[in-house]
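*Asks:* This is the structure, below, for whatever I ask next.
The values are calculated or read from the model by the stated rules, or taken from the named source; none is laboratory data. Quantities reported herein were computed from a predicted structural model and do not represent experimental measurements. We place every Cβ from the backbone using ideal geometry, glycine too, and count neighbours over all the protein chains shown. Note: accessible area is taken over every heavy atom of the protein model, side chains too, but ligands, DNA and RNA are not part of it. Shrake-Rupley method; radii C 1.70, N 1.55, O 1.52, S 1.80 Å.
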Amino acid sequence: MSQRSLILVTVDCLRADHAGWLGYDKPTTPFLDSLAAESVAFSNAIVAGSPTYYSFPAIMASRYPLALGRDVAGLAPGEHTIASALKEYGYATAAFAAANPYLSARFGYNNGFDIFDDFGQKKSRETAQKNEIDSPDLLGAFNQLINKLSHKSKWMGTFYDELYFRYCQNTASRQDSLDEARPYPTADIVAQKAIAWLMANAHRPFFLWLHFMDAHSPYYPSMAAWEAMGHQSFDTEYARYWNAYWNRSDVGKRRLARHQDNVISLYDAGIRWVDMQLGKLVSQLHELQVWNRCIFAITADHGEEFLDHGQRYHSPSQTGEELTRVPLLIHVPGESLPKSVHSPYSLMHLGPTLLDALDVPAPATFRGRSVWSHIKNNQAWEDVAIVENVAGCTNPFYRKNRLHPRILIVRESRYKMVIDFSVPKIQLFDLALDPHEASPLPEESEKSVHKRLLERASEHIASSMKSRDTETSFMARLSELRLECSQSSEQQQSA
Ligand SMILES: [Zn+2]
């Protein structure tokens with residue numbers, strides 16, 4: 001069989017600078033490091049949006065997240081994706097996506113897949129409902145009253161918050177295993193399901209998408225990965241405590257920083273667990289004798305912040321490289337390809353590039369373009385990557401959140417412009433001199449760069465408006481309204 005298959009792996013929250021092959025000094029990715037030696041490694045792969053719900057439309061459908069209007073979250077009904085293109089071409093298609101609610105059928109990500117397993121969606125809903133039920137017990141009316149009264153004074157409020165945090169820690173039920181604490185299936189469970197599917201389907205061209213949540217908070221790695229990272233085994237209570245402390249909204253950056261290293265160690269072990277399972281998956285592909293006809297790509301939907309710019313997790317209002325730059329490896333068997341690509345490379349172009357490498361035409365709706373011929377012919381190129389988010393939209397289930405102002409990032413190799421329409425504010429960074437984006441350049445400096453990047457931003461907005469697919473946009477809006485109506489009637493019935 002000559003037709004190649006495709007495996008796309010996405011790791012939620014995997015920041016580029018925590019991948020070994022991109023220079024991280026801890027052993028998070030030994031298997032992928034060895035694979036990187038025979039793959040094309042992109043050192044400046046940039047997401048098209050962040051977090052998950054603003055990133056994935058570009059990865060799967062090669063479309064900017066706001067291109068169908070700001071209140072379309074996820075994919076539009078029937079929108080063409082890598083999966084639908086390959087299914088039409090006769091590929092067997094399967095997705096095993098580890099319980100990220102924004103990668104569910106509700107957001108259209110089942111489109112084009114013969115098998116779509118989103119694992120914990122039911123579990124997530126049950127957990128959310130359980131928390132709603134538990135909350136009134138934990139923070140009853142009396143407690144809420146004390147909370148309110150104590151916060152009338154600053155020091156009393158601080159005292160109350162501290163006391164309440166300690167009370168919660170003391171009364172939390174003890175867990176002997178971290179398995180119970182995770183709201184998502186671990187990489188071994190996802191990989192096992194994928195292997196079972198491959199056993200039955202790898203005889204024909206296939207597209208397999210795996211999404212892992214092991215690096216996502218809460219950070220509860222498997223003990224085996226923790227030990228593989230060179231740590232002694234630890235009491236699971238530490239992990240629970242570090243996560244709880246890290247999640248506190250009542251303490252400042254200075255106090256949070258006390259547990260920063262511990263939390264990063266847990267996060268790193270999550271990455272290591274994914275790496276270990278990918279090693280097993282690839283050896284299984286060797287055994288099935290299909291590895292040599294598989295294109296294998298691994299990337300992330302966004303990174304993760306550990307107080308780099310004062311925040312935690314992956315807020316859509318944050319714009320640092322720790323969130324927007326992600327790892328990307330593409331392994332293509334039997335091709336002599338360059339080892340690295342340094343140009344900014346938007347994940348908008350990933351779908352078209354992978355389909356081109358498979359010799360499958362990209363859907364006309366894809367807005368990115370293939371760079372496969374550049375890679376194949378070892379031609380360097382220089383590009384600009386655009387990132388767009390909606391400020392403060394931490395929960396896209398609510399329409400009013402999706403309608404917040406836009407944040408736009410224009411990323412060149414050296415310069416990066418951040419335009420935050422919610423303030424409004426424009427900042428320009430010189431990544432060569434200030435790679436951690438500690439301070440924007442003074443307004444009067446680099447005027448020509450300023451002008452050039454602003455022009456790119458306005459071109460992007462103009463072309464988004466011009467190329468808007470109004471019919472798809474309308475259908476997506478209609479679908480959203482239907483979902484919102486059914487959710488509110490469900491809530492009314494259960495109230
Ligand atoms: Zn994500």
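*Asks:* Pull up the stretch 173-194, narrow it to residues that are open to solvent by 30 Å² or more (accessible area, probe 1.4 Å) and at pLDDT 95 or above, then point me to the one that is nearest to P327 (Cα to Cα). Talk me through it step by step, then tell me what you get.
*Replies:* Step one: list which residues in the stretch 173-194 are open to solvent by 30 Å² or more (accessible area, probe 1.4 Å), which gives 173-177, 179-180, 183, 188-189, 192-193.
Right, trim to at pLDDT 95 or above and you get 188-189, 192-193.
Values: D188: 21, I189: 23, Q192: 24, K193: 24 Å.
Here the residue is D188.
*Asks:* As an exercise: evaluate S373 against (1) of a type in the set (S, T, Y); (2) within 26 Å of S467 (Cα to Cα); (3) touching a Pro at 6+ places or on another chain (Cβ under 8 Å); (4) open to solvent by 50 Å² or more (accessible area, probe 1.4 Å) and give the number of the one condition it does not meet.
*Replies:* Every listed condition holds for S373 apart from (3).
*Asks:* Something else about it: Given the criterion under 20 Å from the mean Cα position of the chain (by Cα) and not in a loop (DSSP other than H, G, I, E, B), identify the matching residue among G368, G351. Give the steps one after another, and end with the answer.
*Replies:* Numbers: G368 fails: not in a loop (DSSP other than H, G, I, E, B).
Unique residue meeting the criteria: G351.
*Asks:* Please determine, by comparing only the residues of the stretch 380-417 that are among the polar types (S, T, N, Q) and in contact with a helix residue (DSSP H, G or I) (Cβ under 8 Å, 6 or more places away or on another chain), which one is farthest from V47 (Cα to Cα). Working first, answer last.
*Replies:* Going through the stretch 380-417, the residues among the polar types (S, T, N, Q) turn out to be 389, 394-395, 401, 413.
Next, from what is left, pick out any that are in contact with a helix residue (DSSP H, G or I) (Cβ under 8 Å, 6 or more places away or on another chain): 389, 394-395.
Values: N389: 10, T394: 17, N395: 19 Å.
Once the filter is applied, the top-ranked residue is N395.
*Asks:* Same structure again: Out of the stretch 1-20, which residues are surrounded by 20 or more Cβ atoms within 10 Å (Cβ to Cβ) and over 20 Å from D356 (Cα atoms)?
*Replies:* If the condition is that a residue be surrounded by 20 or more Cβ atoms within 10 Å (Cβ to Cβ) and over 20 Å from D356 (Cα atoms), then V11, D12, C13, L14, R15, A16, H18, A19, G20 are the ones that fit.
*Asks:* Residues A476, A457: which one is closer than 18 Å to L68 by Cβ and crowded, with 16+ Cβ neighbours inside 10 Å? Give the steps one after another, and end with the answer.
*Replies:* Numbers: A457 fails: closer than 18 Å to L68 by Cβ.
Of A476, A457, the one residue that is closer than 18 Å to L68 by Cβ and crowded, with 16+ Cβ neighbours inside 10 Å is A476.
*Asks:* Separate question: Does any residue of the stretch 94-112 turn out to be more than 14 Å from the ligand (Cβ to nearest atom), open to solvent by 20 Å² or more (accessible area, probe 1.4 Å) and assigned to a loop (DSSP other than H, G, I, E, B)? Give the steps one after another, and end with the answer.
*Replies:* We begin by selecting, within the stretch 94-112, every residue more than 14 Å from the ligand (Cβ to nearest atom); these are 94-96, 105-106, 108, 110-112.
From what's left, open to solvent by 20 Å² or more (accessible area, probe 1.4 Å): 105-106, 110-111.
Applying the additional criterion that residues be assigned to a loop (DSSP other than H, G, I, E, B) yields 110-111.
For the stretch 94-112, residues more than 14 Å from the ligand (Cβ to nearest atom), open to solvent by 20 Å² or more (accessible area, probe 1.4 Å) and assigned to a loop (DSSP other than H, G, I, E, B): present.
*Asks:* Quick one: count up the residues across the stretch 199-240 that are open to solvent by less than 40 Å² (accessible area, probe 1.4 Å), within 30 Å of S84 (Cα to Cα) and not in a loop (DSSP other than H, G, I, E, B).
*Replies:* So the count comes out to 8.
*Asks:* Taking the options P327, P405, P396, name whichever one is within 16 Å of the ligand (Cβ to nearest atom), closer than 27 Å to E437 by Cβ and modelled with pLDDT under 95.
*Replies:* On the way: P327 fails: modelled with pLDDT under 95; P405 fails: within 16 Å of the ligand (Cβ to nearest atom).
Selected residue: P396, the only one of P327, P405, P396 that is within 16 Å of the ligand (Cβ to nearest atom), closer than 27 Å to E437 by Cβ and modelled with pLDDT under 95.
*Asks:* Further question: Looking only at the stretch 73-83, decide whether some residue is part of a helix (DSSP H, G or I) and either of a type in the set (A, V, I, L, M, F, W, C) or away from the ligand (no atom under 16 Å from the Cβ) (or both). Reasoning before the result, please.
*Replies:* Initially, the stretch 73-83 is screened for residues part of a helix (DSSP H, G or I), giving 82-83.
Right, trim to either of a type in the set (A, V, I, L, M, F, W, C) or away from the ligand (no atom under 16 Å from the Cβ) (or both) and you get 82-83.
The answer is yes; a qualifying residue exists.
*Asks:* I've got another one for you. Could we say that L68 is within 16 Å of the ligand (Cβ to nearest atom), touching a residue at least 60 places away in the same chain (Cβ under 8 Å) and not hydroxyl-bearing (S, T, Y) here? Step through it out loud before you land on a result.
*Replies:* Values: within 16 Å of the ligand (Cβ to nearest atom): no; touching a residue at least 60 places away in the same chain (Cβ under 8 Å): yes; not hydroxyl-bearing (S, T, Y): yes.
It is false that L68 is within 16 Å of the ligand (Cβ to nearest atom), touching a residue at least 60 places away in the same chain (Cβ under 8 Å) and not hydroxyl-bearing (S, T, Y).
*Asks:* Residues of the stretch 247-280 being buried (at least 22 other Cβ atoms within 10 Å of the Cβ) and more than 16 Å from the ligand (Cβ to nearest atom), which ones?
*Replies:* Selection gives V263, L266, D268, A269, R272, W273, D275, Q277, L278.
*Asks:* Looking at the stretch 400-422, I want the residues that are part of a loop (DSSP other than H, G, I, E, B) and have a partner that is hydroxyl-bearing (S, T, Y) and open to solvent by less than 30 Å² (accessible area, probe 1.4 Å) with Cβ atoms under 9 Å, at least 6 apart or on another chain. Which pairs are those?
*Replies:* So the pair list comes out as S413/S343.
*Asks:* So, one more: Among the residues that make up the stretch 102-109, is at least one of them more than 24 Å from L481 (Cβ to Cβ) and modelled with pLDDT under 95? Before the answer, list the steps.
*Replies:* In the first step, residues of the stretch 102-109 are kept if they are more than 24 Å from L481 (Cβ to Cβ); the result is none.
The answer is no, given that none of the residues of the stretch 102-109 is more than 24 Å from L481 (Cβ to Cβ) and modelled with pLDDT under 95.
*Asks:* Restricting to the stretch 37-62, what's the tally of residues that are open to solvent by 10 Å² or more (accessible area, probe 1.4 Å) and more than 16 Å from the ligand (Cβ to nearest atom)?
*Replies:* 5
*Asks:* Shifting gears a bit: Let me confirm something: among L433, L483, which residue is modelled with pLDDT under 75 and either open to solvent by 90 Å² or more (accessible area, probe 1.4 Å) or under 30 Å from L103 (Cα atoms) (or both)? Can you show your working first?
*Replies:* Details: L433 fails: modelled with pLDDT under 75.
Testing whether each residue is modelled with pLDDT under 75 and either open to solvent by 90 Å² or more (accessible area, probe 1.4 Å) or under 30 Å from L103 (Cα atoms) (or both) leaves just L483.
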